[in-house]
Amino acid sequence: MARDLAGASDASPCQSCGACCSYSENWPRFTIEDDDQLDLIPAQFVNERLSGMRCDGDRCAALSGEVGVATRCDVYAVRPEVCRTCMPGDAECAMARRRHGLPVLPGAQAT
């Protein structure tokens with residue numbers, strides 16, 4: 001369900017970031033998903049080796065928008081497990097945000 005982010009106080013910081021989805025052509029990789037879960041991801045977003053998401057350079061093909069401004073995942077409901085475990089403010093988030101010249105989020109999470 002799309003929603004207007006302009007006034008949303010509970011909007012995820014991810015929706016104005018996308019750095020973790022633009023970090024490496026080798027990420028996100030599939031890990032613990034079973035075949036039924038992977039079959040839910042549209043084929044145009046899966047790499048040729050079937051080992052992870054297809055990337056255009058370092059950017060996941062399922063990422064829409066401009067990194068650091070406004071982004072969204074086009075397969076959010078069926079995104080891989082590695083994407084589900086990346087949390088705003090965790091070490092991976094901080095690393096990706098630094099790479100894109102974005103400030104690290106305050107209150108880094110331990111998970």
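Would you mind finding the one in ARG98, ARG84, ARG49, ARG72 that is within 15 Å of TYR23 (Cβ to Cβ) and of a type in the set (D, E, K, R)?
ARG98 is the lone residue from the list that is within 15 Å of TYR23 (Cβ to Cβ) and of a type in the set (D, E, K, R).
Residues GLY18, GLY7: which one is modelled with pLDDT under 95 and small (Gly, Ala, Ser)?
GLY7
The values are calculated or read from the model by the stated rules, or taken from the named source; none is laboratory data. Since this is a predicted model, take the numbers as computed values, not measurements. Reconstructed Cβ throughout: ideal geometry from the backbone, glycine too, with neighbour counts over all protein chains shown.
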